[in-house]
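The values are calculated or read from the model by the stated rules, or taken from the named source; none is laboratory data. Bear in mind that the values here come from a model prediction, so they are computed numbers and not experimental data. A quick note on method: Cβ atoms are made from the backbone with ideal geometry, for glycine too, and the neighbour counts reach across all protein chains shown.
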Amino acid sequence: MTLGTREPQLPELNQPRWAIWLADHPLAVLGGVLVVLVLVTGVIQPSYLSASGLRNTVLLAAPLGIMAGAQTILMLTGGIDLSVGMIATAAAYVAAHQSPNGSLVAIALGLMVGLLAGAVNGVGVGVFRVNPIIMTLAMSAILVGLFTALSFTVLQGSTTVSDFISTLGGGSFLGNRIPYNALVWAGVSILIIYGLRRTGYGRLLYAIGDNPVAARLSGVRSWQVLIAAYAVAGLLAALAGILLAGRTGAVDLQLAVSFLLPSVAAAVIGGTSIFGGIGSYSGTILGALILGVLATMLTFLNAGQAIQQIVYGLIVLALAWLYARVTGSS
Amino acid sequence: MTAAPVEVGRTGLDWTSLLRRYGWTTGVWLLLIALIAFYASTIPNFGSFQIASIAKNSLPLVYLAIAQAIIVIAGGIDLAVGSMLILTNAVAAQLMDGQSLGVSLVVAVLVILMAAAINGGVGWIIYVSRVPDIVVTLATLFIIAGLALIVLPSPGGGTSDGFRAIFTGSTSGTGSNFWPALVMMFVPMLAAARWMKHSRTGLSLYATGSDSTAAYLSGVGTLKAKVVSYAVGGAFAALGGLASLAITGSGESRFATASNFTLRSVAAIVLGGVALTGGVGSVVGAAAAGIVLFVLSPVLSAMGVDPNTAQVIQGALIVLVMMVAGVVELRRERAE
């Protein structure tokens, strides 16, 4: 480690077998971390190790997990979406405003906002080659301005969501054990995992992220793939925003903004490379769950906001370091 | 991605390559001048008060843009510059409250050194852990903001009048004397630019950012480059924290301020012609873009645009500029 040639470290022959096994199965490490965190939280607050305690964590993690799904898809292409927080907020705003017209209309229009904003991001990145960080940052700023202005005019009115959305985002079934939003998350997860692993489109996302030039030369129309990817990401962010609005019951312009950085963190903890081409959504799911448990633990510790931020940052750093160590690459 | 063909034995001025090298930076400065000229024509009484206001209020973002530019040119990215701004702001506000100018200056130097030490440590962690810069600094964004909140739990603290005058030109923070703010803007900027382009260490940052393996193999200390770029970036972020303390006269440690400043610093460097892939760009361009981003809001409000619409226009303008740049780049690639 003293001299830094940045080559991936190959597992050495004299390494113990478990180390090699762990390097091949990084998700097992994440699972282990998750279990340890749950147990530690249980030690801090014994009542946590119950159906309702764990339910609360899943309730917290589901919107984050869906938003991190958007982040995972884009990070695989070598991009990133810094507008997920604002897209989610905007979608929730529209859904709340349309709630008097029926839940279906509200959800559909909310998702529409995400799809549209995402597609615009995709055009910027895919066609005009604007750097994804700048494109989505600017989109975020545009949405903040637009929705602040709209909330005084066109979107004035309802800021609470319909009962159906409330139940979807905050309710549970099976005797208050399984939250509905976990069901939505599970559905989304299956779609994303299947889409990334089994469909040609999913493989194109990996191809573009791994080597954009090679992908282009082998006939991939990158711009189309990217527009679709950003649109899907916008859609997922919007879905997360609507679920979030259902959980809190009412919307405001700060609703999902604080989810932006954790959504990146969840994907990164889950082993998705920020440079593209490497990663999976199953890792991100574990990442989102870990962050959910962490948030619950910090609430139980009753630490001030400052300590919470520090511990949060330290754990993200430690997990990323651990992941790099275990897999022997960055 | 456009490697110019090497031509041997060529002398004299090569306008194409000059334009390629300095075109973007010059363009951003011309844009800034045009914006200010336009601003001057829209408001009835443009004078030294407005110049002073623009110069001093854009200082924090200019410093952060320089900080981010140095780090990105060296091949990194620091999402925690905004946190460093509020941490240094909080520490300085606590220590300078009710003190004399002399004590304030000592505190200022110590705060800058502290920021450089912390951020140098972050650079070291990035190098040793092999975790990507953006991930490590995402974590330190939270950690450093948390530290700031511990130092200054609620807005408060203060500084000496003399210290406010150093950055703002007046002991009350508002006035028509624009020279101190301009000096505080241009001296550190030109010093950083000279250091980056003409010193051994500065050039090693460009080399490392351009291709760290090639730089390492040709004997450049890549660990040193990483640590130095983050340390100097931290020092500039500290200048930003001190400047915002001088402007407002009291400290503040809101997380929203930190993440906002970070995002704007990234926008500023990209607009200023620094490539996020490293090795390309200059601090001078980034600084100009920082001022442009700041000046846009008074310009739009002078035009009678309400703040929310102004934000939409600002975002759209950034995208538009980057789109034009993207298309120009694409055409150049096709032509070659």
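Quick grid of which residues meet (1) under 25 Å from B:ASP133 (Cβ atoms); (2) at pLDDT below 95; (3) surrounded by fewer than 21 Cβ atoms within 10 Å (Cβ to Cβ):
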site: B:PRO180; (1), (2), (3): no, yes, yes
site: B:MET184; (1), (2), (3): no, yes, no
site: B:ALA191; (1), (2), (3): yes, no, yes
site: B:THR213; (1), (2), (3): yes, yes, yes
site: B:TYR216; (1), (2), (3): yes, yes, yes
site: B:GLY221; (1), (2), (3): yes, yes, yes
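Determine if segment A:131-146 includes at least one residue that is more than 9 Å from chain B (Cβ to nearest Cβ), in contact (Cβ under 8 Å) with a residue 40 or more places away in the chain and under 30 Å from B:VAL324 (Cβ atoms).
First pass over segment A:131-146, keeping only residues more than 9 Å from chain B (Cβ to nearest Cβ): A:132, A:136.
Still in the running and in contact (Cβ under 8 Å) with a residue 40 or more places away in the chain: A:132, A:136.
With under 30 Å from B:VAL324 (Cβ atoms) added as a condition, the list becomes A:132, A:136.
Scanning segment A:131-146 turns up at least one residue that is more than 9 Å from chain B (Cβ to nearest Cβ), in contact (Cβ under 8 Å) with a residue 40 or more places away in the chain and under 30 Å from B:VAL324 (Cβ atoms).
Could you say which residue among B:VAL122, B:VAL128, B:VAL72 is within 14 Å of chain A (Cβ to nearest Cβ) and either of a type in the set (Lys, Arg) or out of contact with any helix residue (DSSP H, G or I) (no Cβ under 8 Å at 6 or more places or on another chain) (or both)? Explain how you work it out, then say what you get.
On the way: B:VAL122 fails: either of a type in the set (Lys, Arg) or out of contact with any helix residue (DSSP H, G or I) (no Cβ under 8 Å at 6 or more places or on another chain) (or both); B:VAL72 fails: either of a type in the set (Lys, Arg) or out of contact with any helix residue (DSSP H, G or I) (no Cβ under 8 Å at 6 or more places or on another chain) (or both).
Answer to the selection: B:VAL128.
If you take just the helices (runs of 4 or more DSSP H) that sit entirely in segment A:255-330, which of them hold at least 2 residues that are within 23 Å of A:ALA91 (Cβ to Cβ) and of a type in the set (S, T, N, Q)?
On the way: elements: A:260-269, A:281-300, A:305-327.
Passing ranges: none, list empty.
Consider A:MET297 against the criteria (1) crowded, with 21+ Cβ neighbours inside 10 Å; (2) in contact with a Lys or Arg (Cβ under 7 Å, 6 or more places away or on another chain): it satisfies all of them except one. Which criterion is unmet?
All conditions pass for A:MET297, except number (2).
Might you check whether a residue that is part of a helix (DSSP H, G or I), among the charged types (D, E, K, R) and under 28 Å from A:GLY110 (Cβ atoms) occurs anywhere in segment A:232-247? Walk me through how you get there before you give the answer.
Filtering segment A:232-247 down to residues part of a helix (DSSP H, G or I) leaves A:232-247.
So of that shortlist, the ones also among the charged types (D, E, K, R) come out as A:247.
Still in the running and under 28 Å from A:GLY110 (Cβ atoms): A:247.
Checked segment A:232-247: at least one residue is part of a helix (DSSP H, G or I), among the charged types (D, E, K, R) and under 28 Å from A:GLY110 (Cβ atoms).
Quick check: is even one residue across segment B:293-309 within 12 Å of another protein chain (Cβ to nearest Cβ), closer than 30 Å to B:THR171 by Cβ and surrounded by 18 or more Cβ atoms within 10 Å (Cβ to Cβ)? Working first, answer last.
Step one: of segment B:293-309, the residues within 12 Å of another protein chain (Cβ to nearest Cβ) are B:293, B:296-297, B:300, B:305-309.
Those still in the list that are closer than 30 Å to B:THR171 by Cβ too: B:293, B:296-297, B:307.
When the remaining residues are screened for being surrounded by 18 or more Cβ atoms within 10 Å (Cβ to Cβ), the result is B:293, B:296.
Yes; the residues of segment B:293-309 include at least one that is within 12 Å of another protein chain (Cβ to nearest Cβ), closer than 30 Å to B:THR171 by Cβ and surrounded by 18 or more Cβ atoms within 10 Å (Cβ to Cβ).
Does B:LEU245 meet the test of being touching a strand residue (DSSP E or B) at 6+ places or on another chain (Cβ under 7 Å) and either away from chain A (no Cβ under 13 Å) or outside any helix (DSSP H, G or I) (or both)?
So B:LEU245 fits the description; yes.
When you go through A:ARG197, A:ARG221 one by one, which is the residue that is farther than 28 Å from A:VAL105 by Cβ, surrounded by fewer than 22 Cβ atoms within 10 Å (Cβ to Cβ), over 20 Å from the mean Cα position of the chain (by Cα) and charged (D, E, K, R)? Show your work before the answer.
Working: A:ARG197 fails: over 20 Å from the mean Cα position of the chain (by Cα).
Exactly one residue qualifies, and that residue is A:ARG221.
Criterion first (surrounded by 19 or more Cβ atoms within 10 Å (Cβ to Cβ) and polar (S, T, N, Q)) does B:THR174 satisfy it? Outline the logic, then answer.
Working: surrounded by 19 or more Cβ atoms within 10 Å (Cβ to Cβ): no; polar (S, T, N, Q): yes.
Taking the combined requirement at face value, the residue does not satisfy it.
Can you give me the number of residues within segment B:234-274 that are more than 18 Å from B:VAL319 (Cβ to Cβ) and of a type in the set (Val, Ile, Thr)?
Initially, segment B:234-274 is screened for residues more than 18 Å from B:VAL319 (Cβ to Cβ), giving B:234-262.
Add one more test, that the residue is of a type in the set (Val, Ile, Thr), and what stays is B:247-248, B:257, B:262.
Number satisfying all stated conditions: 4.
Going residue by residue through segment B:249-261, is there one that turns out to be closer than 23 Å to B:LEU182 by Cα, in contact (Cβ under 8 Å) with a residue 40 or more places away in the chain and within 14 Å of chain A (Cβ to nearest Cβ)?
yes
Does A:SER189 satisfy the criteria of being under 15 Å from the mean Cα position of the chain (by Cα) and part of a helix (DSSP H, G or I)? Write out each step before concluding.
Numbers: under 15 Å from the mean Cα position of the chain (by Cα): yes; part of a helix (DSSP H, G or I): yes.
Criteria met by A:SER189.
Report, ordered by the first and then the second residue, all pairs with beta carbons closer than 6 Å, sequence separation of six or more or different chains, a first member in segment A:200-224 that is at pLDDT 90 or above, and a second member that is surrounded by 14 or more Cβ atoms within 10 Å (Cβ to Cβ) and of a type in the set (S, T, N, Q).
Pairs that qualify, where the first residue is at pLDDT 90 or above and the partner is surrounded by 14 or more Cβ atoms within 10 Å (Cβ to Cβ) and of a type in the set (S, T, N, Q), are A:LEU205/A:THR77; A:ILE208/A:THR77; A:ILE208/A:SER222; A:GLY209/A:THR77.
For segment B:213-242, enumerate the residues that are within 14 Å of another protein chain (Cβ to nearest Cβ) and touching a residue at least 60 places away in the same chain (Cβ under 8 Å). Break it down into steps so the answer makes sense when it comes.
Of the residues in segment B:213-242, the ones within 14 Å of another protein chain (Cβ to nearest Cβ) are B:213-227.
Hits for segment B:213-242 are B:THR222, B:LEU223, B:ALA225, B:LYS226, B:VAL227.
With (1) within 26 Å of B:PRO307 (Cβ to Cβ); (2) in a helix (DSSP H, G or I); (3) within 14 Å of another protein chain (Cβ to nearest Cβ) as the list, and A:VAL113 as the residue in question, which single condition is left unmet?
Among (1) within 26 Å of B:PRO307 (Cβ to Cβ); (2) in a helix (DSSP H, G or I); (3) within 14 Å of another protein chain (Cβ to nearest Cβ), the lone unmet condition for A:VAL113 is (3).
Here's the yes/no breakdown for (1) surrounded by fewer than 24 Cβ atoms within 10 Å (Cβ to Cβ); (2) away from chain A (no Cβ under 11 Å); (3) modelled with pLDDT of 95 or more:
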position: B:LEU113; (1), (2), (3): yes, yes, yes
position: B:PHE142; (1), (2), (3): no, no, no
position: B:SER154; (1), (2), (3): yes, yes, no
position: B:GLY158; (1), (2), (3): yes, yes, no
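In segment A:191-211, is there at least one residue being of a type outside the set (Ser, Thr, Tyr) and at the interface with chain B (Cβ under 10 Å from one of its Cβ atoms)? Outline the logic, then answer.
Applying the first criterion (of a type outside the set (Ser, Thr, Tyr)) to segment A:191-211 yields A:191-193, A:195-198, A:200, A:202-205, A:207-211.
This time we only want the ones that are at the interface with chain B (Cβ under 10 Å from one of its Cβ atoms), so: none.
No, because not a single residue in segment A:191-211 is of a type outside the set (Ser, Thr, Tyr) and at the interface with chain B (Cβ under 10 Å from one of its Cβ atoms).
Somewhere in segment A:28-44, is a residue out of contact with any Lys or Arg (no Cβ under 6 Å at 6 or more places or on another chain), over 28 Å from A:ILE178 (Cβ atoms) and in contact (Cβ under 8 Å) with a residue 40 or more places away in the chain?
Within segment A:28-44, the subset out of contact with any Lys or Arg (no Cβ under 6 Å at 6 or more places or on another chain) is A:28-44.
If we keep only those that are over 28 Å from A:ILE178 (Cβ atoms) too, we end up with none.
The answer is no, given that none of the residues of segment A:28-44 is out of contact with any Lys or Arg (no Cβ under 6 Å at 6 or more places or on another chain), over 28 Å from A:ILE178 (Cβ atoms) and in contact (Cβ under 8 Å) with a residue 40 or more places away in the chain.
Can you find, within segment B:293-336, the residue that is farthest from B:LEU61 (Cα to Cα) among those that are among the small types (Gly, Ala, Ser) and over 20 Å from the mean Cα position of the chain (by Cα)? Walk me through how you get there before you give the answer.
As a first pass, look at segment B:293-336 and keep what is among the small types (Gly, Ala, Ser): B:297, B:301-302, B:304, B:310, B:315-316, B:325-326, B:335.
Subsequent filtering for residues that are over 20 Å from the mean Cα position of the chain (by Cα) retains B:301-302, B:304, B:310, B:316, B:325-326, B:335.
Details: B:SER301: 19, B:ALA302: 21, B:GLY304: 24, B:ALA310: 18, B:ALA316: 20, B:ALA325: 23, B:GLY326: 25, B:ALA335: 37 Å.
So the residue we want is B:ALA335.
Residues in segment A:188-199 that are farther than 23 Å from A:GLY78 by Cβ and modelled with pLDDT under 95: how many?
Taking segment A:188-199 as the starting set, the residues that turn out to be farther than 23 Å from A:GLY78 by Cβ are A:190.
Narrowing further to those that are modelled with pLDDT under 95: none.
Counting residues in segment A:188-199 that are farther than 23 Å from A:GLY78 by Cβ and modelled with pLDDT under 95 gives 0.
Pull out all pairs, ordered by first then second residue, where Cβ-Cβ is under 6 Å, the residues are six or more apart or on different chains, the first lies in segment A:313-325 and is more than 7 Å from chain B (Cβ to nearest Cβ), and the second is surrounded by fewer than 18 Cβ atoms within 10 Å (Cβ to Cβ) and hydrophobic (A, V, I, L, M, F, W, C).
none
Is it the case, given these coordinates, that B:VAL136 is over 14 Å from B:SER229 (Cα atoms), within 12 Å of chain A (Cβ to nearest Cβ) and modelled with pLDDT of 90 or more? Before the answer, list the steps.
Working: over 14 Å from B:SER229 (Cα atoms): yes; within 12 Å of chain A (Cβ to nearest Cβ): yes; modelled with pLDDT of 90 or more: yes.
In short, yes.
Going through segment A:253-279 one residue at a time, which ones are surrounded by fewer than 21 Cβ atoms within 10 Å (Cβ to Cβ) and away from chain B (no Cβ under 11 Å)?
Listed by number, the residues that qualify are A:GLY277, A:ILE278.
Which count do you get for residues in segment B:262-281 that are closer than 16 Å to B:SER58 by Cβ and away from chain A (no Cβ under 13 Å)?
0
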